[in-house]
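Colleague: After the structure tokens below, expect a handful of questions from me.
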2 protein chains.
Amino acid sequence: MVPHLTTALTGPLLDIETKMLENEAAIERWLRTQWLEHTPPFYASVDLRNAGFKLAPVDTNLFPGGFNNLNPAFMPLCVQAAMSAVEKICPEARNLLLIPENHTRNQFYLQNVAGLANILRHAGLNVRIGSLLPEITEPTTLELADGAKLLLEPVKRNGHRIGIDGFEPCAILLNNDLSGGVPEILQGVNEQFVIPPLHAGWHVRRKSEHFTAYDRVVNAFATEFGIDPWLLNPYFGVCGKINFQERTGEECLALNVEALLMRIRAKYSEYGIKSEPFVIVKADAGTYGMGVMTVRDASEVKGLNRKQRNKMAVVKEGLQVSEVIIQEGVPTFETVDEGTAEPVVYMIDRYVVGGFYRVNTARGIDENLNAPGMHFKPLAFETGCSLPDCTQAPDSAPNRFYAYGVVARLALLAASLELEQTAPVESTVAA
Amino acid sequence: MVPHLTTALTGPLLDIETKMLENEAAIERWLRTQWLEHTPPFYASVDLRNAGFKLAPVDTNLFPGGFNNLNPAFMPLCVQAAMSAVEKICPEARNLLLIPENHTRNQFYLQNVAGLANILRHAGLNVRIGSLLPEITEPTTLELADGAKLLLEPVKRNGHRIGIDGFEPCAILLNNDLSGGVPEILQGVNEQFVIPPLHAGWHVRRKSEHFTAYDRVVNAFATEFGIDPWLLNPYFGVCGKINFQERTGEECLALNVEALLMRIRAKYSEYGIKSEPFVIVKADAGTYGMGVMTVRDASEVKGLNRKQRNKMAVVKEGLQVSEVIIQEGVPTFETVDEGTAEPVVYMIDRYVVGGFYRVNTARGIDENLNAPGMHFKPLAFETGCSLPDCTQAPDSAPNRFYAYGVVARLALLAASLELEQTAPVESTVAA
């Protein structure tokens, strides 16, 4: 189930992997000491791109929605990590309310919710699923494609708490990324643990803040282990105040694209990389692969046609795009089932608990794969990411996956820093 | 790889398993809150006996020596749990010194040491192996049967610290049960983390103290979940001041045996169990299955012949037996490869990380299996113990294993209580 790598990979990536293997104990210790100062998010998934010459995260999701895609053999790892997370955040908790996205027709997403609820139950919590959908006015059982059933119940507000009829949760786990803002029923809830905190939602998050934090993390890591940080980090720039519909801000965007392409070209030349650099322009807030463009030349972002502008202007739940991030494109050299593929690594607490490949046979190596036509390869990870085998070649599957797990955890650490920085200042109460 | 159960198991054990499955979230929470008050040992293994009508621990080992027998698929679980343990005990630790038993010729034990060192390395520690053997005066490489190599180095004392040449450990992990007492080189070491603490050694431990603590644990658990504690707990009695060579204390032993058999007969009659009760007489301190006798009638312990007395008088490393525990015998109804079998569950920190079956084709269902002729079935556990499947029958393999994991963790909790009680009182320094 290991993906076929279309390149011999004899370039710098092998160096990175060799370095990671040689320094495994030191890397694990470095991460361990980072977690003494920073609290990992309850869970996260990271999209990686392996270009052969570099290995970098391109997106970090704090409301992961693909637990159904994980290798079932890794479920005990998920349960153990969830136990560890619960022990840290709310050890006394008995009841947990899971609040999913408002997708009642997406079978894959519903299976993710069922899988996540299962993990939490095995970790020792009574789990019920609270829906924010106005049409869920009473307990509603949905039939899943795999034959399982999922019970959605309406969330009720009670003072500064939420719950469902006959169920008083001590903890609320959001699997809803709040793209549309914090729903009224969740505002001011302060007598229960809300996990992750509300400011992890896309109404507050900016990809540029995440990658600024990632810069700090990867620079510290790269200095410690003598690695060029660029090999683990995509360059990026930001363009605020853009309005695709009114065509304002195009000039700023074009200048940023050009500047970024120049920096990438210099690095490509330094490493003797022959391929043509490209950048990805995407909304600075939001997810679901909407509002994403691959750009090879600054001229491409000027004079966009109506269709292109519409595509870029709005992401999930009607969120208007007024800020964009321009990120170095990292081509993927991985293919699975003859489709272009990128690894997605799943983490709970500070542990890598699994992963899968996002595969899109309709997309190229320089395109966003989170798009119609994608499918998932749940069994792609043959071994856990915590077990590199030093007797095998650095590019053998278990070792490549160890490197994936390291880079994913660097992104996880960046998410911790990001959440620390964006946390609302709590009002101090005089004694 | 699931053992064939020779009984249909329609008796009370199914009730226990059903109860455990129904209460899984509550049991996990109960355990979680216990760990808020008690620190789990770094690692432990528990020998269980499944009699069909009861499921109980019969021995708890705080220096587990069978990591080589675990299913390799569970290694990521071991690494994750070891990360969690290290994070709690010594997060800043970089170097760890592993001190094994003085068995340089036992290939299986050496593979255990290699396996344990591997887990710790993957968890982020530099691990070196320090031998207490006087003949190891310089670094010595041993070839293992599986082709791997193991480097043993002489332990050096330096003030209140120990280490090996060129290696300053912050933590010492003992995989040596100290049956012969605390070696001089380890006495007064107080500037490093010693894991587990020295008083976990067999020079201090008494099985009767462990099972006294287990009584407390299992009574609390059984009350919480409405289970007859006897179904999870072997009755026991103790006899101090016995001298097998001089034949003193035989009367005390016989009286205890008779009293215990009477209590067991009453329970057998309550549950309609037809088989003949028996007890196990064994040294209250020590391990390795030496000094163990199966007794069906009090008269059997009077007038032992020389061979029997010699067998009972001495356990590992010449430790003289002067105290014995008389423990209710729990027959095993499990067979693997046509041999009598008992499950051994492995834990690191508070997590079940694997297990195997100890199989002995030369022994009966009422005998000690830790004896010549035993072998191990590493792949016996088909799934992790954290994942019972409620859609399967209570006696299906994953569910039986969940129950094993619960009972093993009750014994782990008892070990925590035991270590708290036997901890030396630290001298208070006036300020």
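Colleague: For residue A:181, place a label point 7 Å out from Cα along the Cα→Cβ vector, do the same in each other copy, and report the separations in nm, one decimal, smallest first.
Modeller: Shortest to longest, the spacings are 7.7 nm.
Colleague: A follow-up question, please. If you keep only loop residues by DSSP, which GluC sites (Glu not before Pro) in the stretch B:300-376 have at most 12 other Cβ atoms within 10 Å of their Cβ?
Modeller: B:338
Colleague: Inter-copy label distances at residue B:105, 7 Å along the Cα→beta-carbon direction, one decimal in nm, shortest first?
Modeller: Distances between equivalent label points, in nm: 7.5.
Colleague: What are the nm distances, shortest first, from residue B:18 to its equivalents in the other copies, labels at 7 Å along Cα→Cβ?
Modeller: Its label point is 6.2 nm from the equivalent points in the other copies.
Colleague: Another question, then. Charges at C-beta only: +1 for Lys and Arg, -1 for Asp and Glu. How large is the resulting dipole of the stretch B:175-252 about its Cα centre, in Debye rounded to 20?
Modeller: 40 debye
Colleague: Also: Do any GluC sites (Glu not before Pro) in the stretch B:181-252 lie in a loop, going by DSSP, with at most 12 other beta-carbon atoms within 10 Å of their beta carbon, and if so which?
Modeller: For GluC sites (Glu not before Pro) across the stretch B:181-252 that sit outside H, G, I, E and B with at most 12 neighbouring Cβ atoms in 10 Å, the list reads B:191, B:246.
Colleague: Additional query: Counting only the backbone N, which residues of the stretch B:25-61 are under 15 Å from the spot 7 Å out from the Cα of residue A:92 toward its beta-carbon?
Modeller: Within reach of a label on residue A:92: B:30, B:32-37.
Colleague: Accessible area per residue for chain B in Å², computed with a 1.4 Å probe and the full protein assembly in place, what is it?
Modeller: Accessible area per residue: 39 Å².
Colleague: In addition: Output needed: percent of Cα pairs per 20 Å distance bin for chain A, bins running from 0 to the one holding the longest distance.
Modeller: All Cα pairs considered, the percentages come to 25, 58, 16, 0.
Colleague: Okay, next question. With each run of n ≥ 4 DSSP H residues scored as -39500 (n - 2.57), what mean residue ellipticity at 222 nm is computed for the protein assembly as shown after dividing by its residue count and rounding to the nearest 500 deg cm²/dmol?
Modeller: Mean residue ellipticity, 222 nm, calculated: -10000 deg cm²/dmol.
Colleague: Where in the stretch A:111-138 does accessible area fall by at least 30 Å² between the isolated chain and the complete protein assembly, at a 1.4 Å probe radius?
Modeller: SASA drop of 30 Å² or more in the stretch A:111-138: A:122, A:124.
Colleague: Also: From the square roots a ≥ b ≥ c of the eigenvalues of the alpha-carbon gyration tensor of the stretch B:15-121, which class results: rounded (a/c under 1.5), prolate (a/b over b/c), or oblate?
Modeller: Oblate, since a/c reaches 1.5 and b/c is not below a/b.
Colleague: Here is a follow-up. With charges only on Cβ, +1 for K and R and -1 for D and E, what is the dipole size of the protein assembly as shown about its Cα centre, in debye, rounded to 20?
Modeller: 80 debye
Colleague: Another question about this same structure. Just to be sure I understand the interface: list residues from the stretch B:59-106 that lose 50 Å² or more of accessible area between the chain on its own and the complete protein assembly, 1.4 Å probe.
Modeller: Going by heavy-atom accessible area, the residues of the stretch B:59-106 that drop by at least 50 Å² are B:76, B:77, B:80, B:83, B:87, B:91, B:92.
Colleague: Can you give me the % of accessible surface on the protein assembly as shown that is carbon or sulfur? Probe 1.4 Å, all protein chains present, nothing else counted.
Modeller: 52 percent
Colleague: A follow-up question, please. For a label point 7 angstrom out from the Cα of residue A:276 toward its Cβ, which stretches of the stretch A:240-269 have the backbone nitrogen within less than 15 Å?
Modeller: A:261-262, A:265
Colleague: Can you name the helices of chain A, as whole DSSP H runs, whose Cα span along the helix axis is 27 Å or more and whose Kyte-Doolittle mean is not below -0.5?
Modeller: What comes out of the filter, once short or polar helices are dropped, is A:250-271, A:397-422.
Colleague: Which FRET efficiency value, to the nearest 0.05, is calculated for residue B:18 and residue A:375 with the Förster distance at 35 angstrom and r the Cβ-Cβ distance?
Modeller: Plugging the Cβ-Cβ distance into 1/(1 + (r/R0)^6) gives 0.35.
Colleague: Just tell me the longest site-free run in chain A, where the sites are trypsin sites (Lys or Arg not before Pro) in a DSSP loop having at most 14 other beta-carbon atoms within 10 Å.
Modeller: Counting only loop sites that pass the neighbour cut-off, the longest clear stretch is A:106-240.
Colleague: Name the residues of the stretch B:346-369, by number, that are at least 10 Å² less accessible with every protein chain in place than in the isolated chain; the surface is that of heavy atoms, probe 1.4 Å, without ligands or nucleic acids.
Modeller: Hits at the 10 Å² cut-off: B:350, B:351.
Colleague: In Å² (nearest 100), what accessible area is buried between A and B, both sides summed, heavy protein atoms only, 1.4 Å probe?
Modeller: Result for this pair: about 3300 Å² buried.
The values are calculated or read from the model by the stated rules, or taken from the named source; none is laboratory data. All values reported here derive from a predicted model rather than from experimental measurement. With ideal geometry, Cβ positions are generated from the backbone for all residues, glycine too; neighbour counts draw on all protein chains shown. Heavy atoms of the whole protein, side chains included, go into the accessibility calculation; ligands, DNA and RNA do not. Shrake-Rupley method; radii C 1.70, N 1.55, O 1.52, S 1.80 Å.
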